[in-house]
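Working notes for the structure below.
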Amino acid sequence: MKTLLLILCALIFATTVRGQVSGTLTDTNGSPLSFATVVLLKSADSTIVRSALSDEKGHFALSAVPTGAYVIKVSSIGYANYLSAPITLDPSHPSYDAGTIRLKTSGKQLGEVVIRASKPLVQQEAGGLVVNVQNSLMTKGSSVLQVLARSPGVIIDQQSSAISLNGKSGVMVMLDGKLLRLSADQVAALLNGMTADDIDKIELLATPPAKYDADGNAGLINIVTKKNKQAGTSGSITASAGYGKGDKASADINLNHNSGKLSLNATYDYAHDHSYALLLAQGTENVPIIGGPTTFHYDGQSNHPADFQGFGGGLDYHASAATTIGGRVYYSISSSQNAGHNFGNYVLPDSNLVFDSQLTSTSRTYYLHPSLYLEQTIGKDQKLNVDLDYFSNTSNSPTQVQSNFSDSLFGARQRNLANARIKVSVGQVDYTNQFNKRLQLESGIKGTYTFSQSTAAIENLVNGQWVPIGAGTSNDLATRELIGAAYAVLNWKPDSLTSLSAGTRYEYSSNTTDHSLNAQYFVDRKLGRLFPDVFLSRKLNANDGIQLSYTERITRPSFADLASYVAYNDPVSVFTGNPALKPTITHNLKLAYNANDYLFSLIYSHDADPIEGVQGVPGPTRGLVYLTPENADWQNNLAAQVTIPLKAAAWWEMNYNFNGGWHRYRITYFPVLLLKSYLSYSINFTESFKLPRLYAIEVSGYYNSASYGGNYRSNGNAICNLGFKKELENNRGSFQLSISDVFSAASYRGHDGALITDAFNSDVYVNYQAESSFRPIVKLSYSRSFGSNNKKASRDTNGTKDEQQRL
């Protein structure tokens, strides 16, 4: 890997160095002119060679210019065009500094100018891809989780809510740069309640740099919300209603006030989702707790209404030109009920056990996140940021089961208790020093303290009293985790075409158990490690570029993975955690190339001790199947990603994204060795059509091929969506109609026991049917913005650059 890295670096630097034309644009008063168009023309025939826009300070740079004779043309709305005298670039003078160019105002006054522009749906940045979600007609009325599931390379397991990126599990989720230290199902519940109307973009960071937390061997997903950038008072409202097999509704209100010195923001969002699902399973396995080898079929029906409310507010105060302070608080309440019906039968050598049960559960979750920040500019080249955050997540999920099945350790009447409380405190200081135009230092320190407490039990009703059913099915666990981190990144631009970023992050973590009813679940673990990264980028010409990077990352087991919770699954199995889980260490090598908006990348990664979720293994109660996470020995991945945007006509745009690769892993926690290699891929597409009279249509969808995890094969599946939009005139808002899963194809099939024989001789075929498999989900949304339209930049009020997912 090191040899390959050196060879690729040499090839990049071997590219022929060309010249550069640069300068600064101002008006006649000396104020900088931003976003003016600068064009370099051949002096002989006025052919366009290079073009660029000036930045916010009026600077412009035209790179990769071959030798020759040119003229510089500058144009900007409201100003007279500028045309320079001829200039010449030759080997002895490959670059030219035009100095300060002053543009004169035009004698003609323009009326109101309305500029309608849009970013590409998918863009490439240093650590991965950026999805500009508001460019999709399917966004309005959708939840954040639904939009994330439609993003390139993202796959969300419909049963476990686990998220994978580019074919790898172990991805961590951030909200505005703050790591969500929650379990996969808790993250899914939070994102499923949040409306996507407040989301600006989603960053899919397969190889994030050192300034981000090292957590997440598959990378990071950063969900970035919209920020207040308008002077005066402004806001937006969005409301949607829909139906699938159950009713849907959502509403979002966003209010902003920016007086220049003080910025205020308040949000409220509501979501209601009455969903249905069906789980079908059939096959054979050896389950001693009910008598040994059995052939069975199992049906699980879920009737699940859920409600979510979120409240947010924040302020930014610009105390001076150099100092900004602010804070934000977000609070959400989610509640859900589940009236489930499970039934089936188990055929044993000498009997036939019929199972029929009714499940009733009520779950409530409370989430609180206050934050404070200070942004201080020191001189003109240094900046200091201080961020303080606190997260609290409290959940209570009791479940009662009325069953006719009493042939195992489960009685006719059971209940499942699952209560959890997680508190996270985060402090971070970041310092930036721009030594000169070519050299910059980024550094920082961060501390995270987490306290987690969970109580779980499965109990039978005996003579009117709730009694624990046995060892291994109850616990009361409290854990503490401390993570200290420090990082430094040096950014160097040796020339106008090349940039090099090299850094390292040191993290020390300590995990301890306060108390536990079961000694098996005591944890006392400490780990200190350096995580280096290197990013090398080079422009090949004005539109093409190449990037090479090497990063190291870690995936720590989540608190739910380590905890001793026990949750009811079916009469012969329970979900639980694994306190013996090891963290996963990952090495990534990435090569990326962009040609205009066409994006290509190749990533090789090696994982030591990758965490496999939900594996059927023996546990404390003999004969009972424990569904728990386990460590594989290692996993290698070679993944390719291609993004192809096409514009067939002015009214027809297309975007296609391909993710695919080779995977190989080894597992020794089964009775026999499992060594598996396979190929998998996914395809995302979006077709957008702009029609007359402000109408638009969008067709989008994805296909995920078959893949493997542990001893389980997931079959391929495909989804197609349809969206319609009508913009109302005079800024009166817009209507959008979305149809999710047009062909009702959301059926997810799999095979447990597909590769080797496990401890229970499992050979089980599973079919999970999501709500849209019964009928497509149709939603109608209305949205409107109001208030001031004068753009004025404001500080992104997000503090610490990472926190919230391992709860």
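Annotations
- Computed over the chain, relative contact order equals 12 percent, with contacts defined as Cα pairs under 8 Å that lie 6+ residues apart.
- All-pairs Cα distance distribution in the stretch 349-454, expressed in whole percent, bin size 5 Å: 3, 9, 13, 10, 9, 8, 8, 7, 7, 6, 5, 5, 4, 3, 2, 1, 0
- Taking Arg713, Arg775 and ordering them by how much accessible surface each has at a 1.4 Å probe, largest first, produces Arg775, Arg713.
- The chain: angle of helix 184-193 to the longest principal axis, Cα-based, in degrees nearest 10: 60
- For the stretch 245-382, the equivalent ellipsoid built from the Cα gyration tensor has semi-axes of 55, 19, 11 Å, listed from largest to smallest.
- Volume per residue that the Cα convex hull of the chain spans, once the total is divided by residue count, Å³: 162
- Once the 1.4 Å probe is applied to the protein heavy atoms, the chain comes out at 44 Å² accessible per residue.
- For the stretch 609-661, the carbon plus sulfur part of the accessible surface works out to 62%, probe radius 1.4 Å.
- Largest to smallest accessible area among Ile483, Ile253 [probe 1.4 Å]: Ile253, Ile483
- Within-14-Å neighbourhood charge of Tyr276 [Cβ basis; K, R +1; D, E -1]: -2
- Listed by chain and number, the aspartates and glutamates placed with their C-alpha closer than 13 angstrom to that of Lys725 are Glu698; residues fewer than eight positions away on the same chain are left out.
- Net charge of neighbours whose Cβ lies under 11 Å from the Cβ of Ile585, counting Lys and Arg as +1 and Asp and Glu as -1: +1
- Cβ-derived FRET efficiency at R0 30 Å, Asp200 paired with Leu384, nearest 0.05: 0.70
- With contacts taken as Cα pairs under 8 Å at a separation of at least 6 residues, the stretch 331-475 carries a relative contact order of 18 percent.
- Extension gain from Thr105 to Leu694, taking 0.36 nm per residue of separation minus the Cα-Cα distance: 208.6 nm
- Pairwise Cα distances in the stretch 582-624 exceed 11 Å in 76 percent of cases.
- The orientation-averaged projection of the convex hull spanning the C-alpha atoms of the stretch 648-792 amounts to 13.8 square nanometres.
- Per-residue extension of 0.36 nm, minus the Cα-Cα distance of Thr37 and Asp350, leaves a gain of 104.3 nm for this segment.
- Protein accessible area in the stretch 276-381, 1.4 Å probe - carbon and sulfur %: 59
- Over the chain: helical MRE at 222 nm, DSSP H runs n ≥ 4 each giving -39500 (n - 2.57), nearest 500: -1000 deg cm²/dmol
- Summed residue charge, Cβ within 15 Å of Ser773's Cβ, Lys/Arg positive, Asp/Glu negative: 0
- Once each of the GluC sites (Glu not before Pro) sitting in a DSSP loop with at most 11 other beta-carbon atoms within 10 Å is removed, the chain keeps 113-728 as its longest stretch.
- Residues Val329, Val147, ordered by accessible area of protein heavy atoms at a 1.4 angstrom probe radius and largest first, appear as Val329, Val147.
- Against the chain, whose longest principal axis is taken from its Cα atoms, helix 2-13 shows a tilt of about 20°.
The values are calculated or read from the model by the stated rules, or taken from the named source; none is laboratory data. Being a predicted model, the structure only gives us computed values, none of them experimental. Every residue, glycine among them, receives a Cβ derived from its backbone with ideal geometry; neighbour counts consider all protein chains shown. Surface accessibility is based on the protein's heavy atoms, side chains included, excluding ligands, DNA and RNA. Shrake-Rupley method; radii C 1.70, N 1.55, O 1.52, S 1.80 Å.
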